[in-house]
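Enquirer: Here it is, the structure, as structure tokens.
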């Protein structure tokens with residue numbers, strides 16, 4: 001496994017690509033309203049990030065047809081925008097990637113549509129808080145497996161479970177690079193595998209299920225749900241390890 005160590009100038013390039021992701025997510029958070037279709041939301045996001053000078057990196061990636069993954073209610077990740085309208089009480093995952101001058105950005109949020117149920121507020125909070133917890137505890141010398149174990153502990157401690165078979169990842173000159181970072185410990189001891197080092201840049205993205213973490217891919221060949229078909233949530237940031245701590249690049 002070869003994990004890139006980025007120079008400060010390269011991290012700044014990644015910061016520029018990722019800031020546009022953060023700004024686009026914040027724009028959508030403020031402007032998505034009940035009655036909009038998922039396609040309209042996708043178009044809003046694409047137009048905004050293109051106006052910032054970036055290219056929507058998800059569009060065409062592995063054949064994905066849109067700029068924004070719009071994951072509604074029980075769809076946890078990779079939702080395909082269509083003519084479905086969002087309604088009061090829904091929860092909507094938005095996952096966006098950019099490319100700017102050959103460098104990539106990636107981040108995600110799950111947002112409420114109007115007023116939502118308390119259990120959905122807790123579901124969204126689990127993903128957001130798990131991400132913030134992971135970013136807070138990262139230090140050089142920590143192994144990625146230890147980070148995965150901590151994410152799983154946090155998620156299960158909130159009474160939820162992580163989605164299986166999907167993970168965070170490195171990012172840089174490609175949208176997906178080494179390492180893979182599951183939200184749960186797999187394949188051996190947490191004290192094994194590569195260590196986190198200054199200069200590494202990667203995406204952390206807790207994906208939260210309620211009862212079962214076993215994924216099921218829907219007929220559109222993209223949308224991922226839990227086998228229990230209960231609502232899920234997803235949050236993601238791109239972080240760089242700078243001066244012995246994780247710095248969020250994908251903030252607006």
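Just so it is clear, none of the values below were taken in a lab; they were calculated from the coordinates. Note that the structure is a prediction, hence the values are computed from the model and not measured. Ideal geometry is used to build each Cβ from the backbone, glycine not excepted, and the neighbour counts take in all protein chains shown.
Enquirer: I'd like to check something: does the stretch 203-225 contain any residue that is under 18 Å from residue 5 (Cα atoms) and crowded, with 20+ Cβ neighbours inside 10 Å?
Expert: yes
Enquirer: Could you run through the stretch 32-42 and say how many residues are touching a residue at least 60 places away in the same chain (Cβ under 8 Å) and in contact with a helix residue (DSSP H, G or I) (Cβ under 7 Å, 6 or more places away or on another chain)?
Expert: 1
Enquirer: Pick from the stretch 41-71 the residues that are buried (at least 21 other Cβ atoms within 10 Å of the Cβ) and part of a strand (DSSP E or B): which of them is farthest from the chain's Cα centre (by Cα)?
Expert: Per the stated criteria, the residue is 56.
Enquirer: Ok, one more. Could you run through the stretch 1-28 and say how many residues are closer than 25 Å to residue 114 by Cβ and free of Cβ contacts under 8 Å to residues at least 60 places away in the same chain?
Expert: Number of matching residues: 1.
Enquirer: Still on this structure, please answer the following. Search the stretch 109-145 for residues being part of a helix (DSSP H, G or I) and touching a helix residue (DSSP H, G or I) at 6+ places or on another chain (Cβ under 9 Å), and hand back the single one that is farthest from residue 200 (Cα to Cα).
Expert: Among them, the one singled out is 126.
Enquirer: Of the residues that sit in the stretch 7-24 and are touching a helix residue (DSSP H, G or I) at 6+ places or on another chain (Cβ under 8 Å) and buried (at least 21 other Cβ atoms within 10 Å of the Cβ), which one is farthest from residue 203 (Cα to Cα)?
Expert: So the residue we want is 24.
Enquirer: Based on this model, can you work out whether residue 16 counts as part of a helix (DSSP H, G or I) and within 17 Å of the chain's Cα centre (by Cα)?
Expert: no
Okay, residues lined up against (1) surrounded by 22 or more Cβ atoms within 10 Å (Cβ to Cβ); (2) free of Cβ contacts under 8 Å to residues at least 24 places away in the same chain; (3) out of contact with any helix residue (DSSP H, G or I) (no Cβ under 7 Å at 6 or more places or on another chain):
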{"residue": "30", "(1), (2), (3)": "no, yes, yes"}
{"residue": "82", "(1), (2), (3)": "no, no, no"}
{"residue": "85", "(1), (2), (3)": "no, no, yes"}
{"residue": "95", "(1), (2), (3)": "yes, no, yes"}
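Enquirer: Considering only residues that are buried (at least 19 other Cβ atoms within 10 Å of the Cβ) and touching a residue at least 40 places away in the same chain (Cβ under 8 Å), look in the stretch 180-201 and name the one that is farthest from residue 240 (Cα to Cα).
Expert: This residue is 183.
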